[in-house]
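Report on the structure given below.
The values are calculated or read from the model by the stated rules, or taken from the named source; none is laboratory data. Not measured: the values here are computed from a predicted model. Reconstructed Cβ throughout: ideal geometry from the backbone, glycine too, with neighbour counts over all protein chains shown. Accessible surface is based on the protein model in full, side chains and every heavy atom, while ligands, DNA and RNA are left aside. Shrake-Rupley method; radii C 1.70, N 1.55, O 1.52, S 1.80 Å.
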Amino acid sequence: MSTSPPIVPTQFDLLCPHCGYDLRGTTSDRCPECGQPIDRTTSGISLIPWTHRRETGLVRAYVRTVWMVVRRPAEVGREVAKPVLYADAVRFRALTVVVVLLILLSTVGVVWWGADAIERLSAPFQIDFDIDLFGNPSSQTLSPWMDLLLPVAAGWLVWLLAPIYVLVMLIGCTGVASYLFRPDRLSVQQQNRAVALSCYAAAPLALLFFPVLVLAIVLLLISMDPQSFNSDLQAVIGFLTVLGALMLVAILFKWWLGTLRILRWATQPTGGALLLAGLFLPTGWIVVAVLSLIVLPAVVGFFKLVIASLK
């Protein structure tokens, strides 16, 4: 029985997962460049479950890939040494964007459903904010400095465009990391594989489902009959609120840290480059969020207010 390693097409040339050395033409079980052992029996097979979705099923492959990125992002980064199809990675990122968009839209539904509870919570801090017949906020009840927010509020009141603002933000934020995965010192093939792997880094965002679920439970408890409130129930609500906030922070932190770990193994950056990448990521996310959720609605709202004033 033959024990030779599997034959891999030339367009899927194998690289050392430790140093990126091109292993074409070598038969040794160790990398000639760095000396690290090479497992040739699995060197041409991707470990990312998403790439095997036709065999395992779409939902199962997606869930397993999310779990892999959350628990073992370094293994995802090492996949740069194996065949990485960019089209597969883009599909995974697109599905993640859709999943997160649905989660965020469901959050709006949960908040709308729990409007009475939110009003009860915000009563001590409530600000009068009138809406006129055109659906535009009235500046008469706002302080002068808040007039600057009128275009933003008017833009968000165009309900059909609100999901587009969020979609633009998600596409932009999940694409920010790709700029870090293409250093000039890598070959074009390595850059292409690394950029493809960056698409998997957004997987932890799918876990936003859990803080949204906690939010729904909190609003359900708050909307109960006030006579049923007691110190124990208030303690439970406080605990769940803190838990939901910690979940949200943990997910965002895992997204950031996982992206950096994939970057580390996929591109082998220096310590300084990795530090700069760690600063670049949240900065890029904030910039994209501001442009998508504030600037873009402000532009739309400005034109809406101008048109309304001409009627």
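Here is a check on your reading of the model: is VAL236 open to solvent by 40 Å² or more (accessible area, probe 1.4 Å), of a type outside the set (Asp, Glu) and under 27 Å from LEU167 (Cβ atoms)? When the stated conditions are applied, VAL236 does not pass them.
Looking at the range 166-173, is at least one residue modelled with pLDDT of 85 or more, outside any helix (DSSP H, G or I) and among the hydrophobic types (A, V, I, L, M, F, W, C)? No.
Do we find that LEU252 is part of a helix (DSSP H, G or I) and either of a type in the set (Asp, Glu) or closer than 21 Å to CYS199 by Cα (or both) in this structure? Against the criterion (part of a helix (DSSP H, G or I) and either of a type in the set (Asp, Glu) or closer than 21 Å to CYS199 by Cα (or both)), LEU252 qualifies. When residues in the range 65-94 are screened for being closer than 14 Å to ALA206 by Cα and surrounded by fewer than 16 Cβ atoms within 10 Å (Cβ to Cβ), 3 of them pass.
Looking for something within 24 Å of the chain's Cα centre (by Cα) and either assigned to a loop (DSSP other than H, G, I, E, B) or at pLDDT 90 or above (or both) - is there at least one such residue anywhere in the range 102-111? Looking for residues that are within 24 Å of the chain's Cα centre (by Cα) and either assigned to a loop (DSSP other than H, G, I, E, B) or at pLDDT 90 or above (or both), one finds at least one in the range 102-111, hence yes.
Taking the conditions (1) of a type in the set (Gly, Ala, Ser); (2) in contact with an Asp or Glu (Cβ under 8 Å, 6 or more places away or on another chain); (3) crowded, with 19+ Cβ neighbours inside 10 Å in turn, ALA277 satisfies each one other than (2).
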